[in-house]
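What follows is a short report on a single structure.
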Amino acid sequence: MKTPRIDLKSGLFHGRPIYVVAILVLLAALVVSVLAAVTFGSVPLSVGEVYGVILHKLLGVGNAQVFGSGKLYDIVWFIRLPRVIMAVGVGMALAVSGCVMQAIVRNPLADPYILGISSGATLGATVAALLGVVTAFGANAMGICAFLGALAVSILVQIVANIGGRSSSIRLLLAGTALSSVCSAISNFIVYIADDREGMQSITFWLMGSLAGSKWENIAFVLPVILVITLFFITQSRVLNLMLLGDDVAVTLGTDLLRYRHLYLVLSAMLVGLTVYCTGMIGFVGLMIPHVVRMLFGTDHKRLLPLSALLGSVFLIWSDVACRIIIPKSELPLGILVAAIGAPCFVYLLVRKSYGFGEGKS
């Protein structure tokens with residue numbers, strides 16, 4: 001029996017120097033993107049006005065009457081800058097969770113929602129919006145319930161996958177598909193029996209995804225968690241590479257993937273759940289970004305994860321900018337624009353028969 005082999009250098013660019021250059025370029029692009037994106041919006045503001053507010057807030061310089069209060073201050077400090085910072089965290093979380101999910105289920109066309117996590121989040125949001133059984137959460141009820149739904153489904157997937165035998169990538173995929181169908185059925189039933197037009201509008205808007213509701217208090221909690229989990233996954237690159245070979249090969253190499261797979265699934269669900277809590281449903285980022293990086297730099301997670309994290313942040317920042325300016329005096333939901341970009345990419349990857357994880361010939 002031949003041992004399967006993964007070509008970790010299957011991308012277009014190889015070697016440490018080009019990787020270091022790519023990291024530096026993406027870091028510079030991220031900084032420039034944050035600095036530039038905050039100047040865009042439906043309300044025309046000059047660069048001087050925007051950075052006058054930011055510098056006054058951070059360093060205390062400038063005219064307090066002009067930059068420290070009023071409409072200008074509110075637009076820049078409470079609307080534009082928080083959504084740009086949130087885009088950094090959400091883009092990073094979705095891209096990294098996409099990389100990890102694709103390794104967990106050994107499916108290059110998987111995304112963070114492949115194991116029913118999105119359906120669990122939708123069910124949680126639907127319960128909050130249409131049944132009103134969690135009023136104790138207040139204004140954040142929909143987001144909190146969506147997060148709890150995503151996390152609960154990820155745990156249930158592991159429980160179901162272990163019934164009757166050890167879980168594997170295939171069993172996780174099947175359990176996720178089954179639970180996704182159950183959650184979708186329950187959500188549709190609630191929508192069918194509910195008589196709440198306002199709640200229907202809320203859940204519809206939430207399903208389209210948006211960064212418009214970004215707040216500093218959410219960022220203060222969410223961004224550190226995303227950064228810590230991302231750094232943890234980067235340290236786990238060897239195990240993630242072994243997952244591409246499968247459980248049998250990994251065991252022969254001295255690593256039992258079962259406990260790692262459970263831990264990674266819960267942490268990935270936390271990443272997705274946090275993004276769902278803050279922005280609603282935004283698909284395709286976790287599918288597209290890892291593929292772009294993988295095609296350019298190969299499948300080694302030691303490089304794939306950092307590059308995907310940075311590229312995902314830059315991509316979502318500019319996607320949000322496009323949503324703000326593409327329709328004059330209005331805002332396009334972010335999930336719609338990302339889906340319009342991601343769906344053709346998904347079809348292309350689906351029909352590109354030669355694409356995979358860089359499997360070499362045995």
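The values are calculated or read from the model by the stated rules, or taken from the named source; none is laboratory data. In this text the structure is predicted, and so the values were computed from the model without any measurement. We place every Cβ from the backbone using ideal geometry, glycine too, and count neighbours over all the protein chains shown. The protein model used for the area step is the full one, side chains on, heavy atoms only, and it has no ligands, DNA or RNA in it. Shrake-Rupley method; radii C 1.70, N 1.55, O 1.52, S 1.80 Å.
Counting only pairs 8 or more places apart or on different chains, how many lysine pairs in the chain have C-alpha atoms closer than 28 Å?
Count of close lysine pairs: 15.
Starting from the Cα of LYS57, step 7 Å along the direction of its Cβ; do the same at PHE232; then give the gap between the two resulting points in nm.
For LYS57 paired with PHE232, the spin-label model returns 3.0 nm.
Just round it to a whole percent: the fraction of Cα-Cα distances in region 92-185 exceeding 19 Å.
In whole percent, the share of Cα-Cα pairs in region 92-185 beyond 19 Å is 43.
Answer with one residue from LEU263, GLY213, GLY176: the one whose Cα lies farthest towards the positive end of the charge dipole of the chain, charges on Cβ with Lys, Arg +1 and Asp, Glu -1.
Farthest towards the positive end: LEU263.
If each residue of separation counts as 0.36 nm, what is the full-extension length gain between ASN140 and ILE18 once their alpha-carbon separation is subtracted? Don't jump to the answer; show the numbers that get you there.
Working: separation 122, 0.36 × 122 = 43.92 nm, distance 4.41 nm.
Stretched out fully, the ASN140 to ILE18 stretch lengthens by 39.5 nm.
Take the Cα atoms of the chain, find their three principal axes, and give me the spread along each one in whole Å, biggest first.
The Cα atoms of the chain stretch 75, 58, 34 Å along the principal axes, largest first.
Could you work out the Rg to Rh ratio of region 169-245, with Rh taken as the Kirkwood radius (inverse of the mean 1/r over all Cα pairs)? Don't jump to the answer; show the numbers that get you there.
On the way: Rg = 18.7 Å, Rh = 16.7 Å.
Rounded to two decimals, Rg over Rh is 1.12.
Using a basic spin-label model with each label point 7 Å from the Cα along Cα→Cβ, how many nm lie between ALA340 and ASN107?
The modelled label-to-label distance comes out at 2.8 nm.
Taking 25 °C and 0.890 mPa s as the conditions, I'd like the Stokes-Einstein D for region 168-297 in µm²/s, using the Kirkwood hydrodynamic radius from alpha carbon pairs.
138
In a Debye calculation with equal point scatterers on the alpha-carbon sites of region 1-134 and no solvent, what is log10 I(q)/I(0) at q = 0.09, 0.14, 0.20 Å⁻¹?
For region 1-134, the Cα-only Debye profile gives -0.53, -0.93, -1.14.
Report the normalised scattering of region 62-122 as log10 I(q)/I(0) at q = 0.17, 0.21 Å⁻¹, calculated by the Debye formula with identical scatterers on the alpha carbons.
Taking Cα atoms of region 62-122 as identical point scatterers yields -0.67, -0.83.
How high is the FRET efficiency between SER184 and LEU258 when r is their beta carbon distance and R₀ equals 25 Å, given to the nearest 0.05?
On the way: r = 28 Å, r/R0 = 1.13.
Using R0 = 25 Å, I get an efficiency of 0.35.
Take the chain, connect every pair of alpha-carbon atoms lying under 10 Å apart with a spring to form a Gaussian network, then pick out the residue of LEU244, LEU123, LEU253 with the largest mean-square fluctuation.
Result: LEU253 has the largest fluctuation of those listed.
Report, in deg cm²/dmol and to the nearest 500, the calculated mean residue ellipticity at 222 nm for the chain, where each DSSP H run with n ≥ 4 adds -39500 (n - 2.57) and the sum is divided by the residue count.
Numbers: 16 runs with 247 residues, N = 362.
Value at 222 nm, helices only: -22500 deg cm²/dmol.
May I ask you to give the percent of accessible area on the chain that is carbon plus sulfur, with a probe radius of 1.4 Å?
Taking all protein chains in place, the chain shows 68 percent carbon and sulfur surface.
Please calculate how many Å² of accessible area the chain carries per residue, with a 1.4 Å probe and no DNA, RNA or ligand atoms counted.
Ligands and nucleic acids excluded, the result is 46 Å² per residue.
Regarding region 229-343, what's the average projected area of the Cα-atom convex hull, expressed in nm²?
Numbers: hull surface 32.1 nm².
Over every viewing direction, the Cα hull of region 229-343 projects on average to 8.0 nm².
Relative contact order, percent, of the chain when contacts are C-alpha pairs under 8 Å separated by at least 6 residues?
33
Return the distance in nm (one decimal) between the two label points of a simple spin-label model at LEU35 and ASP74, each offset 7 Å from Cα along Cα→Cβ.
Those two pseudo-labels are separated by 3.0 nm.
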